[in-house]
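One structure below.
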Amino acid sequence: MHLTSLLPLQILYVTLSLSAQHFPSWGHYDLCKTRIHWDKWMSWDYMACQPETTLLTRFLKISLDPPNSTCGETPEMYCTLENPYMCNNECDAHTPELAHPPELMLDDEGRIPTSFWQSVSWRSFPKPLLVNITLSWGKSIELTEDIIITFESGRPEQMVLEKSLDHGRSWQPYQFYAADCLNSFGMEPRKARDLRATSVLDIICTEEYSRGYVWKVDKMVRFEIQERLALFGGPRFGDMASLYGQLDTTKELRDFFTLTDLRLRLLRPATGPTSVDPHNLSKYFYAISNLDIRGRCKCNLHANNCVMKKGKLSCECEHNTTGPDCGRCKKGFHGRRWRAGSYLPIPKGTANVCLPDTITSGSDAKLIHPRPTVPSLDVANPKQGGVCDNLLTRCSLVGQRNMRTFSPLNMQHHIV
């Protein structure tokens, strides 16, 4: 897919982590509102906000297809590719110290000895050794850094990384990996660094992580998020305003880095420098020691925190919004239609707060105000007008520092 409408902007990197080398400190959007005190009363100043970048593998659920893809149900001894006569890797699911279950893909990297998930061997050769690994978060997340997969076996000779935006009901490819892209997938080999601004969303096949036979050294497979984002901002990602403007206006770009699930389709294991040896199939298998996936919960710029609630990941919504992604207005706050927050104007953005639909005045009367008379409330980047947390008593003027009290006379309304 080509984004012909994308301008050659200076930045497209959304990682709001604590590392100051990636972006200026004002780029965090870590506050949803601030309290402003006046002589006799207080008001809120609302702003766009989002959670910090974090290690997302802490919150996912992992599943394998077929379910019996993990080694050890029948104890088996595995050999190494570089020395087919070195067969000292035993897998036995019934012995904890010899088991290699899927959750070992998610434990701390750097443990000694290394822990890893391991598949069954290619004992069904010449039938393909196929394993699907599905990673599910149960809500929308946004990727901000490279996906890094560390293999303890040789890196697969054929593999596809896929994503879902609808909790696994449909899938689309992120990237193809092969030792021979043309032969495996009918695609010319490319690298992420070959992409340009107008082709940033292209689905490519790369041979960079599958060719060669130095598996003891080259263990990692990447899906390059930063390489794509750097097309717009250069190596230092210095122009955050361009980034946020592009994300605000280009849905295809936002969706590219957004997902609910990832799926790793392992299609052919590493076979080494020679052809497959049918007499020693115990050296052909998949093994993964670590998944490094970093990003944030997608909260539509209406939350700065994301937590597990009753086993489900959910945004802690502000701005009178609700839902796992803060994707709708709370009950009683439909004074205007729900809108995602906006990154602009820098540095605080626009909160697009959901407004009350009814306010009780006194003991009986209700003040119905489908919309305040200030027309700029419905503008994503208002220069005037207010976003109010209580339309009868106080209002914060967006883009200005002065505050004033709203009375019922300032609105179109009627008493019922």
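The values are calculated or read from the model by the stated rules, or taken from the named source; none is laboratory data. Keep in mind that what you see is a predicted model, and the values were worked out from it rather than measured. Ideal geometry is used to build each Cβ from the backbone, glycine not excepted, and the neighbour counts take in all protein chains shown. Heavy atoms of the whole protein, side chains included, go into the accessibility calculation; ligands, DNA and RNA do not. Shrake-Rupley method; radii C 1.70, N 1.55, O 1.52, S 1.80 Å.
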* Of all the residues that make up segment 346-356, how many are open to solvent by less than 50 Å² (accessible area, probe 1.4 Å) and part of a loop (DSSP other than H, G, I, E, B)? -> 7
* Structure fact -> Expected output for segment 214-232 (first residue on the phi < 0 side of the Ramachandran plot and in the same structural domain as Glu252 (by the TED database), partner among the hydrophobic types (A, V, I, L, M, F, W, C) and modelled with pLDDT under 90, Cβ below 6 Å, 6+ apart or cross-chain) is Arg228/Val200; Leu229/Leu12; Leu231/Ala197; Leu231/Val200; Phe232/Leu9; Phe232/Ile11; Phe232/Leu12
* Of all the strands (runs of 3 or more DSSP E) wholly in segment 93-200, which have at least 3 residues that are of a type in the set (S, T, N, Q) and either at negative phi or not assigned by the TED database to the domain that holds Gly72 (or both)? -> 131-143
* Asked: Quick one: Glu82 ticks every box in (1) assigned to a loop (DSSP other than H, G, I, E, B); (2) touching a Gly at 6+ places or on another chain (Cβ under 8 Å); (3) at pLDDT 95 or above bar one, so which box is it?
  -> (3)
* How many residues are modelled with pLDDT under 70 and buried (at least 18 other Cβ atoms within 10 Å of the Cβ) when one looks only at segment 213-238? -> 3
* Would you be able to tell me the number of residues in segment 278-327 that are open to solvent by less than 20 Å² (accessible area, probe 1.4 Å), closer than 23 Å to Gln226 by Cα, under 16 Å from the mean Cα position of the chain (by Cα) and of a type outside the set (D, E, K, R)? => 6
* If you check Ser289, Ser282, which single one turns out to be closer than 22 Å to Arg58 by Cβ, assigned by the TED database to the domain that holds Tyr78, of a type in the set (Gly, Ala, Ser) and in contact (Cβ under 8 Å) with a residue 60 or more places away in the chain? -> Ser289
* To do: State whether one or more residues within segment 67-76 are assigned to a strand (DSSP E or B) and modelled with pLDDT under 95.
  => yes
* **Out of Ser184, Ser153, Ser210, sole residue that is modelled with pLDDT of 95 or more and either small (Gly, Ala, Ser) or over 21 Å from Pro102 (Cα atoms) (or both)** => Ser184
* Asked: Any idea how many residues of segment 142-191 are buried (at least 17 other Cβ atoms within 10 Å of the Cβ), acidic (Asp, Glu) and within 14 Å of the chain's Cα centre (by Cα)?
  -> 4
